[in-house]
Every structure is written in structure tokens, then in C-alpha cells.
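Asker: Have a look at this one before I ask anything.
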Amino acid sequence: MKCPYCTKIDNKVIDSRLSKDGRTIRRRRECLACSRRFTTYEKLEDVLPMVVKKDGRREPFNRAKIISGIGSACQKRPISVTRIEEFVDAIELYFQELGKKEINSSEVGEKVINTLKEWDEVAYVRFASVYRQFKDIDEFMSELEEILKSKQDPEKA
């Protein structure tokens with residue numbers, strides 16, 4: 001591991017700790033050349049499935065893209081970045097454990113949209129407007145009416 005300050009590779013591990021989820025090791029290191037300390041994170045390399053897009057293209061599973069999409073929908077809403085990251089961790093783990101080589105983008109989108117519907121109606125509508133690609137205001141209004149109906153009669157939700 002190169003020191004981020006002097007770029008020498010000689011260092012020693014001062015402290016190691018397992019993350020809460022047990023999937024990452026945090027290591028505190030000290031450079032033997034410049035004596036400065038830095039932190040590294042060690043994580044098992046995940047084998048994630050390829051995501052098949054609506055148009056048939058395939059691309060690697062990209063957690064940053066999911067976090068970005070959810071983050072945009074949740075902007076200025078009472079949803080913490082930590083909550084979003086924990087949710088994306090859970091999505092990532094779910095698709096890893098499925099063991100499939102490919103998944104449809106709609107599988108990822110539906111997991112996100114269902115969770116946002118539980119978390120925050122505004123974030124849900126923002127995400128749905130992009131994800132569902134409403135063709136006109138009538139489709140958008142129809143979605144809003146469904147939300148209003150489910151609020152009035154929780155049994156139908």
C-alpha cells in the first residue's frame with residue numbers, strides 16, 4: 001500500500017477493525033518513511049451480475065449510479081445519505097446472493113421504487129417520473145392519484 005503523502009510503500013498496520021456489517025476491514029496505517037498516518041479499507045471483491053438495460057445493452061452493476069439516482073430523488077428530503085448507502089448495500093448483497101450472471105434493470109428499479117414509496121412520497125414521485133418515463137401529464141396524474149388513494153385507504157396499498 002502506497003503512502004498517500006510520500007508514495008513510499010513501507011508502512012505498518014497500527015489498528016484493524018471490522019465494520020458493523022462485517023464485510024469491510026478498516027486499517028489504520030503508519031508510513032515508515034514519513035511517519036504520517038492514513039486509513040485504508042479492505043473489502044472482498046464482489047462478483048456482481050451484469051445489468052441488462054431496456055434496450056438490450058449490458059453494463060456492469062454500478063452502485064454509484066443507484067446511489068446517484070436515489071440521491072437525486074431524495075434531494076432536500078429527510079432521508080440520510082447513510083440510509084441510502086445501507087439500502088444500496090442491501091440491494092448489492094441481494095443480487096450477489098441470487099447468483100445470476102445477468103439481471104434486468106427493471107429488477108433493480110422496482111426494488112428502489114418500492115423502497116422509496118415506503119420512505120417518502122415526494123422522493124418516490126421524483127424517482128417514478130424518471131424511472132417510469134411518463135409519456136404525458138395524464139400518466140403522471142394517474143400515479144399521483146394512486147398514491148392519494150392508498151393514503152386514504154391504507155388497506156389497498
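Bear in mind these aren't lab numbers, they're just calculated from the coordinates by the rules spelled out. Keep in mind that this is a model prediction, so the values were computed, not measured. Cβ sites come from the backbone with ideal geometry, for glycine too, and all protein chains shown count toward neighbours.
Asker: Just I67, I113, I137 to compare: in a GNM of the chain, with alpha carbon springs under 10 Å, which one fluctuates most?
Answerer: Its mean-square fluctuation being the largest, the pick is I137.
Asker: With a point put 7 Å past each Cα toward its Cβ, work out how far I9 is from S142 in nm, to one decimal.
Answerer: 6.1 nm
Asker: Taking K2 as the anchor, which aspartates and glutamates have their alpha carbon closer than 19 Å to its alpha carbon, excluding any fewer than eight residues away along the same chain?
Answerer: Within reach: D10, D15, E30, E42.
Asker: Quick one: among K100, K117, K20, which has the greatest mean-square fluctuation in a GNM of the chain with alpha-carbon springs under 10 angstrom?
Answerer: Of the options given, K20 has the highest mean-square fluctuation.
Asker: Related question: Rounded, prolate or oblate for the stretch 37-122? Axes are the square roots of the Cα gyration tensor eigenvalues, ordered a ≥ b ≥ c, and the cut-off for rounded is a/c under 1.5. Working shown, then result.
Answerer: Details: a/c = 1.94, a/b = 1.06, b/c = 1.82.
The shape class here is oblate.
Asker: Which distance in nm do the two modelled labels at S19 and Q75 give, with both placed 7 Å along the Cα-to-Cβ direction?
Answerer: According to this spin-label approximation, the distance is 2.6 nm.
Asker: Here is a further query. Which of the cysteines found in the chain have nothing to pair with, since no other Cys Cβ lies under 4.7 Å from theirs?
Answerer: Among the cysteines of the chain, those whose Cβ sits 4.7 Å or more from every other are C74.
Asker: Something else now. For the pairs K65/K111; K76/K151; K117/K149, flag any whose C-alpha to C-alpha distance is greater than 18 Å.
Answerer: Cα-Cα > 18 Å for K76/K151; rest within.
Asker: Considering Cα pairs under 8 angstrom that are at least six residues apart, work out the relative contact order of the chain and quote it in whole percent.
Answerer: 15 percent
Asker: Another question about this same structure. Please sort through the DSSP H helices of the chain and keep those with an alpha-carbon extent of at least 24 Å along the long axis and a Kyte-Doolittle average not below 0.0.
Answerer: Correct list, ordered by number: 81-98.
Asker: Let me ask something else about it. At what distance in nm do the modelled label points of F134 and S35 sit from each other, each positioned 7 Å from its Cα along Cα→Cβ?
Answerer: Modelled inter-label distance: 6.3 nm.
Asker: Starting from 0.36 nm per residue, how many nanometres of slack lie between E42 and E85 once their C-alpha separation is accounted for? Before the final figure, lay out each step's value.
Answerer: Details: separation 43, 0.36 × 43 = 15.48 nm, distance 1.74 nm.
Answer, rounded to one decimal: 13.7 nm.
Asker: Rank I70, I14, I84 by mean-square fluctuation in a GNM of the chain with C-alpha springs under 10 angstrom and give only the top-ranked residue.
Answerer: Maximum fluctuation in the GNM of the chain, among the listed residues, is at I14.
Asker: Just the C-alpha atoms of the chain: what Rg/Rh do they give, with Rh taken as the Kirkwood radius?
Answerer: Working: Rg = 21.0 Å, Rh = 18.8 Å.
Rounded to two decimals, Rg over Rh is 1.12.
Asker: Given the rule -39500 (n - 2.57) for each run of at least 4 DSSP H residues, summed and divided by the residues of the chain, what is its mean residue ellipticity at 222 nm, to the nearest 500 deg cm²/dmol?
Answerer: Estimated from H runs of four or more residues: -14500 deg cm²/dmol.
Asker: Okay, moving on. About its Cα centre, how strong a charge dipole does the chain have in debye, to the nearest 20, once Lys and Arg get +1 and Asp and Glu get -1 at the Cβ? Don't skip to the answer; put the middle values down first.
Answerer: On the way: 32 positive and 28 negative charges, 239 e Å.
So the dipole magnitude of the chain works out to roughly 1140 debye.
Asker: Dipole of the chain (Lys/Arg Cβ +1, Asp/Glu Cβ -1, origin at the Cα centre): which of I84, L18, Q133 lies farthest to the positive side?
Answerer: The Cα lying farthest towards the positive end belongs to L18.
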